[in-house]
1. With label points built 7 Å along Cα→Cβ from the Cα atoms of Ala153 and Val274, find their separation and express it in nm.
2. Which Cα, out of Gln213, His258, Phe188, lies furthest along the positive dipole direction of segment 174-305 (beta carbon charges, K/R +1, D/E -1)?
3. Please list, ordered by chain and number, the residues whose modelled amide H lies under 5 Å from the amide H of Trp106; skip anything fewer than 5 residues away on the same chain.
4. Please give the length that would be gained between Ala267 and Ala386 if that part of the chain were fully extended, namely 0.36 nm times their separation in residues minus their C-alpha to C-alpha distance (nm, one decimal).
5. Taking the number of other C-beta atoms within 10 Å as the exposure measure, put Arg232, Arg436, Arg226 in order starting with the fewest.
6. Please give the contour-minus-distance gain from Trp405 to Ala423: 0.36 nm per residue of separation, less the Cα-Cα distance, rounded to one decimal in nm.
7. How long is the gain from Val378 to Asp201 if the chain were fully straight, where each residue apart is worth 0.36 nm and the alpha carbon distance is subtracted?
8. Could you give P(r) for segment 173-435, binned at 5 Å from zero, as whole percent values over all Cα-Cα pairs?
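Taken together, the values in this text are just the output of simple stated rules run on the coordinates, not laboratory data. Just so you know, these numbers come straight off a predicted model, no measurement behind them. Every residue, glycine as well, gets a Cβ built from its backbone with ideal geometry; the counts of neighbours run over all protein chains shown.
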Amino acid sequence: MTRQGLPRRPGGPPWPPVDGADAGTAEVAHATTRADGPTGAGTAGGAAAPGGVRQGLPRVARSTTAGATAEPGAAFAQTAPAAAPAAAVGTPLRRGLPRTAGGAPWPPAGVVPPGREPSVPVAPDDRPAEPPPTPEPVAPPVAAAPRRRRLPAWAGRTGIAAAVAAVVLGLLVLAARWWVGTDAGQGFLATYPGTAPLPDDAPVGIPAWLAWQHFFNVFLLVLVVRTGWQVRLQRRPAASWAPRADPGARIGLMAWAHQALDVLWVANGAVYIVLLFVTGQWVRVVPTSWTVVPEALSAGLQYLSLQWPTEDGWVHYNGLQQLAYFVTVFVAAPLAILSGVRMSVYWRSRPAADRLVPIGLARRVHFPVMLYFVAFVVLHVALVLATGARRNLDHMFGARDDGSWVGLVLFLVSVVVIAGAAAAMRPVVVAPVARRFGTVSGR
């Protein structure tokens, strides 16, 4: 006797039935899924399920014979298309215990439950298998060449300008040597030997104060150019400075250093001008006759032809030196001072004064004047060393004309001092000094 379990639907009898007589009804009842309401649904053949139970699909496909009666479990079989027996596809379907007492093993022979459909075998392909594709040879990775560090744009422009200047200078040297060798050139040099005209009472020699002024002027000028170039190149100041009386008037720390050095340079220049006129040394740098123009041209031709003019700086300068010193002291320096003051923190904005000296004009003047000073110093030092270094340095730094080495030693010491001071123009060194005159703050 089969053991009964829980009913298959609410309120129904225990499953399976006690007598197991109605195997077909039991199969149909077993194939039902769930109660779906009081009305139920029709079976695949259109008959209502007993007790209002909704019938599912048949367990096996209906017979193809007309009028044939569906086998038990037909409702389950309609969920899938008709399939061949398991033995037909080479994979026998495992059968289990019977679903009813005394019945056949389940599932019936030839019935394939949903999800267990056997795969249709594929006829073997008699074509030979294609060999796998040969991988293309991969080139070994090539190490990337290190990127070259690009020079800034201004360096390229400077190099091009220097090359052009060298070519032009070479052409001028060739032209000067040719012209000096002609009769016209020889006659011009005989009439104007290049010596600057001086009054009869012009002082002779270079006093000690002038030698010291020369050192201070070079020292401050190098630092002014150094800090001015730093201000021009920097994009964001490392720190700022502001006067205590006006905290809103802030400027960069190196801009303050530049302006402070400008004040010292102007003060040194003022002392130089006063002593120059007091001692009568002004006649050595201020032209007193228009003949200085052809004399300067003659001296320039002699320099270009590499036939140095006869000089005695202890007594007088040549015409080119006198004009160069006059332009530097009485033209370039005032332009640098006026344009610098207009751009500095000391210029208080006033409409009338701003219209008189526009800020744009001051900027267009200040930088070219700085370039002039750089060119003057470079050319001046080169000619001093090329036309008798020991004697010239003895005049300029030693204030003597006895052929000693004092001037050369003092010059070398001054070069070390100036180079060290220029290297020290950094925010970490400038900041403690700037704090004594205002407020220093980082940005």
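1. 4.7 nm
2. Positive-end residue among those listed: His258.
3. Gly96, Leu97, Arg99
4. 39.7 nm
5. Details: Arg232 11, Arg436 7, Arg226 19.
Final ranking by Cβ density, sparse to dense: Arg436, Arg232, Arg226.
6. That works out to 3.7 nm of additional length.
7. Working: separation 177, 0.36 × 177 = 63.72 nm, distance 3.23 nm.
Between Val378 and Asp201, full extension yields an extra 60.5 nm.
8. 1, 5, 10, 14, 15, 15, 12, 10, 8, 5, 3, 1, 0, 0, 0
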